[in-house]
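Here the structure is laid out as structure tokens; the discussion comes afterwards.
Derivation of every value follows stated rules applied to the coordinates shown; laboratory data play no part. The shown structure was predicted, so the numbers you read here are calculated from the model rather than taken from an experiment. Please note: Cβ atoms are built from the backbone with ideal geometry, for glycine as well, and neighbour counts cover all protein chains shown.
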Amino acid sequence: MEYVAGSRVEIVHNPVDLIEEIATANEWPFERGGDDELVAQLHGRWDEYRVHFAWNSEISALQFTCALDFKVPNHRRGSVLELVALANERMWLGHFDLTSDEGVAMFRHAVPLRGARGMTVEQVEDMIEVALTECERFFPAFQYVIWGGKDPTEAVAAACIDPVGEA
């Protein structure tokens, strides 16, 4: 995509090509749904995560989602939405969301790249690491609320125990 800023033309390269190279190097199973998107499977301690990268050249932004592998039953959606709000308060980057149609919980983040020549390997690795860290941290809280019927505040407190002192 080219932007004309005064007399200067900036070219922003599609970061999905770089993400494909990273997925190939890490031997992640992935599919390229087109020039502007890639879906991969990543293994975590608690779950197998489906990550989706989508490039929007119109706004020079990369959207990234990391879906948790369960659907929230209708009778638990209110509690899970409360849990999502509580979890989001504790995060620096990205946020959790719950799809309204299927009830899928996911981590979401978008990176604007206007003015950049593209993404770096380190930026992609950081994006994935943050997503997996947050999904792994809050996965038990989702399970406590959905299947254990726990209160969202109690579930977040259990998931976010901060160690004190030294071992």
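Using 1/(1 + (r/R0)^6) with R0 = 30 angstrom and r between the beta carbons of residue 122 and residue 70, what's the FRET efficiency to the nearest 0.05?
0.45
Within segment 98-167, the trypsin sites (Lys or Arg not before Pro) that combine a DSSP coil assignment with at most 10 other C-beta atoms in a 10 angstrom radius are 117.
For the pair residue 100 and residue 157, label points projected 7 Å from Cα toward Cβ lie 3.3 nm apart.
Using a simple spin-label model with pseudo-atoms 7 Å out from Cα toward Cβ, residue 28 and residue 59 lie 2.2 nm apart. Within the chain, which DSSP H helices have Cα atoms that stretch 18 Å or more along the helix axis and a mean Kyte-Doolittle hydropathy of at least 0.0? Membrane-span-like by this rule: 121-146.
Between residue 43 and residue 88, the simple spin-label model (points 7 angstrom out along Cα→Cβ) gives 3.3 nm. Over all projection directions, the Cα-based convex hull of segment 22-167 averages an area of 10.9 nm². Helical runs assigned H by DSSP (4 residues or longer) give the chain a calculated mean residue ellipticity at 222 nm of -11000 deg cm²/dmol, each run adding -39500 (n - 2.57) before division by the residue total.
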